[in-house]
Every structure is written in structure tokens, then in C-alpha cells.
Amino acid sequence: MEYGIISIAIPLLTIILAIITKDVIVSLLGGIFVGLLVLNDFSFLDTIIAFFDGIVAQFAQGWITKTLLFMLFVGAIIRILSDAGAVERFVAYLSLKSERIDSPKGAMLLAYVIGVVIFIESSITSMVAATVAKPLCDKNNVSREKLAYICDSTSAPVCTIVPLNGWGALLLGLIVAAIDAHVIGGDAVSLLLEAIIFNFYAWVTLLIVLLVILFNINIGPMKHAKAKKYENKHANTDVKPSLWHMVLPIVVVVGMVPLALLYTGKGDIFAGSGSTSVYYATIVTLIFMYFYFVPTKNISHKNYFKSLYNGMGEMLPVTLILLFAIYIGDVIGDLGTAKFIAHLLDGNISPMLIPLLVFLVSSMTAFATGTSWGTFSIMLPIALALGATMDLHIPLLIAAVMSGGVFGDHTSPISDTTIISSMAAGCDHIEHVRTQIPYALIGGVLAAVAFLVSGWAMV
């Protein structure tokens, strides 16, 4: 059965709900329910039954369950690192070493390097980078706004370029969902790795930030940002500086992913199961952290498991977003949204413009909602189905959604990463948004041009 314009109305409703409510879970649930209502001939009772049966059906698929557990385990890893004092000791270690780079450029480069190296979670990236570099930036007359910009501009972009984290799990899950539903073909890991190459906004943003640091480029409101008065506060002498408590667990989780891909792919890393690999990696890391932290009395046996449960609980909202994102992808697929859009666009809009349009719509959605994850969840199923129907290069469309989601999130005043960056750097939130937007817009324009050129080259 063909649903025509109704098939477009469902994803549009999801986006509108996200803009109005600023709540991705509510918007996804709304889109799922209305979509199921259409699919069940507007029978309210049948829709309710189909909704709850559909949730159970998601867990019947092994890859979905593994991906959801991975999300929960990532939360546990982050919380244990914090509660075991690994983050605090890491900050103390970097603060101690920062004396060797006591200059304005050195202070900013310190924040940049930390932002690039710590890719496990965007919030941790911003918090650690700002906490370590803030005293050195104050001492060397670098404004808090500049520090917040550096932290904000390295967190999310790096997490999408090195997706061995929750970001990668979400993207991988959405891609696998499309493959499993026979919307697209290929291997999810290979598609995601190729999409990283086309993730233009992330690459351009990291380059712009580096140039801003090296050549002290100040444009727009950033020209008027003033540094805070330096206060030489003594560090907590009870904290023993340590690099390895933070680094070793990250090395384990990062190193286990390719090993697990080789194992599940029977020697072929690109034939391995992405969902199984990240699932195995987090399990091994949690076991490693127990035997690393508990015997050394960095955390007790009881507190280890308390942190594990608390960390998993903190990731429940994100896990629900992923679950409902996969669910709405199935609903949109049943409605035939992509086929109908492709039919409308056929002969009216050149296929070469589709990557650019996907980037722009994703950007607007992320800016309005303040969430790149929510944007991925809403836009990626549509983009993948559209790309398959119009025979476009799938990794390019994945990258367009990734770049658009990060760009919109980067410029949005209600984005959690934007708020965390300004808070961690200790500057006024609105001033952070004002000073950052000109740089982000430059990156957005360059990325838009890149997607236009790429669309033309690949059609």
C-alpha cells in the first residue's frame, strides 16, 4: 500500500515535535505512534498493541540488544573512571606537565590536544580540556571564550571522526538497522569508516581551530573577549598525579574493537560485526578496570558495582533514543517515505544536490533541537532510504547527516555540549555562543560547498 504525502508527514511531525518539545524521546515516540496509527488503519487499539509488540521485537534481534548494552556499558566505564579518581589524577598529571608549555599558544594547544586525544565521550572531552587548560589560559591572557570555543570545537567533531564511543554505536546501530531492513546493502563498519572521510564539517572545524590557535585569529565578537584575572590557586596535594589510570582503560577499549572485528570477521576486519565488537570491547574493559582499580584500592568492590549501576542508569536516556531511533526507522521504511520523496524529487531536483540538502536539513534540525544524536536518529534512516532509492553514494549521505548534526549542535545555544563547554571554561554561556558562531559558520559554509562538489562528482 502506498501512503503518499502521509509518509512524509510522519518524519516531519517528528522533527516539529523535537523543535517544540526539545525532547528527542517524546518526538520519536510521537512519530512512531502516529506512523503505526497510519499503518494500522487508524485503529487505536491495534496501534497500542503494535507499538508495544514492536518494542519487544527490537530486542529479538541480537545486534540491537548488543548495541544497547554497549551504550549502557560505556556509561558504566565513564562513571567508574570518575569515581575511581582516574579523571582527577589525569587532570593533576596534565596540570603538572603544563608548566612546560607556559605560553598563550601552548595553553591553547594543550586544550586542543586533550580535545583530540580524549574521544570516548564529548562531555568528558570538554570538561577535562577546560579544567586542565583554564589556569594556564588565565595566566597567559587567553580569554575564557577562546578556551570554550576550543573545547566545544574538538569534542563532538573528534567523537564522529574516531567513533569508538557512544556516537559510533548510535551511528553503527542506525546503519545496521537499514541493512537489516534491506534498505541498503553492504557492511555497516565499512560504510561508517568511509563516511568518516566525507565528514567535512568535522575535519574543517578541527583545521580551523588549529589555525586559530597557531595564528591567533580573532574574528567577530571574539576580538572583544577579555581574559580573566589569573589566580594562582594551589592544587589539591592529596591527589596523586597519574597518567595511566585514565589512559590504560581507554587503550583497552580502543584496542579491543579492531581485535574483536578481526575475531568476528574470521580474520577480515571489515567483515567483522560492529555491534558485537564494541559489545565485547566494553565487557573486557569493565573486567580490566575491576582488576586494575579494586586490588589497588582506587575503588572498593562495593563502590565499583555501585558506579557501574549508576553509570548504566545515566545512559538510559541515550539508550532509549537509540532504541526508538531504530524503531522509527522501521516505521518510516514501512510507510515508504524515501520512495515517495525520491519520486517527488525525480526530475525536479538534481541528485547532485541531495547530499547538500541532507546536510542543510540536518543542520537546521540539530540547531533547533540542540542535539546531534537526535538529529542522527531522525535524519539517518530517511537519508539512507533516499540514497538507496536514488542510487546515491551511501557513505556521502551518512557523512552529510553526521556533519549537519554536529554543525547544528555546535551553533545551537541549547546544545548540551555548548552548555558544558561554557560551564567548564567558566565563561558566560551566551558570550560563548556569540563568539563561537562566526567560526562555526565558516566551517558550515565550507562543508556545504564540499558536499555540493562531492554530490556533483559522484552523480
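The values are calculated or read from the model by the stated rules, or taken from the named source; none is laboratory data. Everything numeric here is computed off the predicted structure, so don't read it as measured data. In this analysis, Cβ positions are derived from the backbone assuming ideal geometry, glycine residues included, and neighbour counts consider all displayed protein chains.
Is it true that Phe70 is part of a loop (DSSP other than H, G, I, E, B), touching a residue at least 40 places away in the same chain (Cβ under 8 Å) and within 23 Å of the chain's Cα centre (by Cα)?
Spelling it out, it is not the case that Phe70 is part of a loop (DSSP other than H, G, I, E, B), touching a residue at least 40 places away in the same chain (Cβ under 8 Å) and within 23 Å of the chain's Cα centre (by Cα).
Mind listing whichever residues of region 141-177 are touching a residue at least 60 places away in the same chain (Cβ under 8 Å) and assigned to a loop (DSSP other than H, G, I, E, B)? Reasoning before the result, please.
Kept after step one, since they are touching a residue at least 60 places away in the same chain (Cβ under 8 Å), are these residues of region 141-177: 141-153, 155-157, 160, 164-177.
Hits for region 141-177 are Asn141, Val142, Ser143, Leu164, Asn165.
Which residue pairs have Cβ atoms under 8 Å apart, sit 6 or more places apart or on different chains, and have a first residue in region 247-259 that is closer than 15 Å to Phe70 by Cβ and a second that is β-branched (Val, Ile, Thr) and at pLDDT 80 or above?
Between residues of region 247-259 that are closer than 15 Å to Phe70 by Cβ and residues that are β-branched (Val, Ile, Thr) and at pLDDT 80 or above, the close pairs are Val252/Val284; Val252/Thr285; Val253/Ile77; Val253/Thr282; Val253/Val284; Val253/Thr285; Met256/Val284; Met256/Thr285.
Would you check which residues across region 10-50 are without any contact (Cβ under 8 Å) to a residue 12 or more places away in the chain and in a helix (DSSP H, G or I) and list them? Let's see the steps before the verdict.
Going residue by residue through region 10-50, those that are without any contact (Cβ under 8 Å) to a residue 12 or more places away in the chain are 12, 16, 20-21, 23, 26, 37, 40-46, 48-49.
Answer for region 10-50, where residues must be without any contact (Cβ under 8 Å) to a residue 12 or more places away in the chain and in a helix (DSSP H, G or I): Leu12, Ile16, Ile20, Thr21, Val26, Leu37, Phe44, Leu45, Asp46, Ile48, Ile49.
Filter region 263-282 for residues that are buried (at least 16 other Cβ atoms within 10 Å of the Cβ) and aliphatic (A, V, I, L, M); which is farthest from Gly186 (Cα to Cα)?
Ala281
Kindly indicate whether any position in region 209-219 is of a type in the set (Val, Ile, Thr), under 30 Å from Leu392 (Cβ atoms), buried (at least 16 other Cβ atoms within 10 Å of the Cβ) and modelled with pLDDT of 95 or more.
Our first condition is that a residue be of a type in the set (Val, Ile, Thr); within region 209-219, this holds for 209, 212-213, 217, 219.
Subset that is under 30 Å from Leu392 (Cβ atoms): none.
No, every residue in region 209-219 fails to be of a type in the set (Val, Ile, Thr), under 30 Å from Leu392 (Cβ atoms), buried (at least 16 other Cβ atoms within 10 Å of the Cβ) and modelled with pLDDT of 95 or more.
For residues that are within 16 Å of Val361 (Cα to Cα) and not hydrophobic (A, V, I, L, M, F, W, C), scanning just region 1-38, find the one that is surrounded by the most Cβ atoms within 10 Å (Cβ to Cβ).
Among them, the one singled out is Thr14.
For (1) at pLDDT 85 or above; (2) surrounded by 23 or more Cβ atoms within 10 Å (Cβ to Cβ), each residue gets a yes or a no:
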site: Lys302; (1), (2): yes, no
site: Asn310; (1), (2): yes, no
site: Ile321; (1), (2): no, no
site: Ile326; (1), (2): no, yes
site: Leu360; (1), (2): yes, no
site: Ala366; (1), (2): no, yes
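Taking only pairs six or more apart or across chains, which ones have beta-carbon atoms under 8 Å, a first residue in region 188-208 that is buried (at least 17 other Cβ atoms within 10 Å of the Cβ), and a second residue that is outside any helix (DSSP H, G or I)?
Here the result reads Val189/Gly272; Leu191/Ile184; Leu192/Pro163; Ile196/Pro163, each pair linking region 188-208 to a residue that is outside any helix (DSSP H, G or I).
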